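**Student:** Have a look at the structure that comes next, please.
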Amino acid sequence: MDIVFQFWHWIVFGVLLICMEILLPSFTLFWFGCGALIVGALLWVFPELALEWQLVIWGLLSVSFAGLWFKVIKPLSIDKTKAGLGLESMIGEVGLVVHVTSHGLKGKVRFPAPILGSDEWMFFAEKAVSVGDSVKVVNISGNRVAIESSGR
């Protein structure tokens, strides 16, 4: 007796795997469910597809989708701000001077990614800087950062 999978078997299997993702929040079963849905669609278009090929296609799609998620897509969604971290996390950050006052000893610096919730911070410096200079945070005092030229 041969086992014959219909396209709707794969669809139901895929939906079940996707629903089981609620119990296992690693976002892995979701991709195996998507692979099963695609195999179901292929089986609907090509009803004579052998079971061995169905399983091979499902395995390859599932592993490919999961691999793409963990290696490419998920790293893009990581929060790059430093909100919630201590002030010490700012030391060493490099930014660009966007405004200066007091002969270049005070002003505003902008960072490429928000740091502690803001991408612009007021600064003070021991040596004069000018607009467009690349600077590095060396200390924090209150709500201002102490900077020095980063040499970039």
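Each row is one residue, and each column tells you yes or no for (1) touching a Pro at 6+ places or on another chain (Cβ under 6 Å); (2) surrounded by fewer than 16 Cβ atoms within 10 Å (Cβ to Cβ); (3) of a type outside the set (Asp, Glu); (4) more than 20 Å from residue 70 (Cα to Cα).
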position: 6; (1), (2), (3), (4): no, yes, yes, yes
position: 9; (1), (2), (3), (4): no, no, yes, yes
position: 13; (1), (2), (3), (4): no, no, yes, yes
position: 18; (1), (2), (3), (4): no, no, yes, no
position: 22; (1), (2), (3), (4): no, yes, yes, no
position: 25; (1), (2), (3), (4): no, yes, yes, no
position: 28; (1), (2), (3), (4): no, no, yes, no
position: 40; (1), (2), (3), (4): no, no, yes, yes
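**Student:** A follow-up question, please. Quick one: would you say residue 66 is assigned to a helix (DSSP H, G or I), under 29 Å from residue 113 (Cβ atoms) and either open to solvent by 60 Å² or more (accessible area, probe 1.4 Å) or small (Gly, Ala, Ser) (or both)?
**Tutor:** yes
**Student:** If I filter the range 99-115 down to residues being surrounded by 13 or more Cβ atoms within 10 Å (Cβ to Cβ) and of a type in the set (A, V, I, L, M, F, W, C), which single residue comes out as nearest to residue 126 (Cα to Cα)?
**Tutor:** 105
**Student:** Looking for something at pLDDT 80 or above, open to solvent by 60 Å² or more (accessible area, probe 1.4 Å), on the phi > 0 side of the Ramachandran plot and not assigned by the TED database to the domain that holds residue 17 - is there at least one such residue anywhere in the range 70-91?
**Tutor:** No - not one qualifying residue is present in the range 70-91.
**Student:** Please count how many residues of the range 97-119 are under 29 Å from the mean Cα position of the chain (by Cα), modelled with pLDDT under 90 and not in a loop (DSSP other than H, G, I, E, B).
**Tutor:** Count: 7.
**Student:** Another question, if that's okay. Taking the condition of being without any contact (Cβ under 8 Å) to a residue 12 or more places away in the chain, assigned to a helix (DSSP H, G or I) and surrounded by 13 or more Cβ atoms within 10 Å (Cβ to Cβ), how many residues in the range 42-56 meet it?
**Tutor:** Selection size over the range 42-56: 1.
**Student:** Show the residue pairs meeting these rules: Cβ distance below 7 Å; 6+ apart or different chains; first residue within the range 3-29 and in contact (Cβ under 8 Å) with a residue 12 or more places away in the chain; second residue surrounded by fewer than 13 Cβ atoms within 10 Å (Cβ to Cβ).
**Tutor:** Going by the 7 Å Cβ cut-off, the qualifying pairs are 3/51; 5/51.
**Student:** Taking into account only those residues within the range 120-152 that are outside any strand (DSSP E or B) and loosely packed, with under 12 Cβ neighbours inside 10 Å, which is modelled with the lowest pLDDT?
**Tutor:** 152
The values are calculated or read from the model by the stated rules, or taken from the named source; none is laboratory data. As the structure is a prediction and not an experimental result, all values here were calculated from the model. Note that we place each Cβ from the backbone using ideal geometry, even for glycine, and neighbour counts take in every protein chain shown. Note: areas computed on protein heavy atoms with side chains; ligands, DNA, RNA excluded. Shrake-Rupley method; radii C 1.70, N 1.55, O 1.52, S 1.80 Å.
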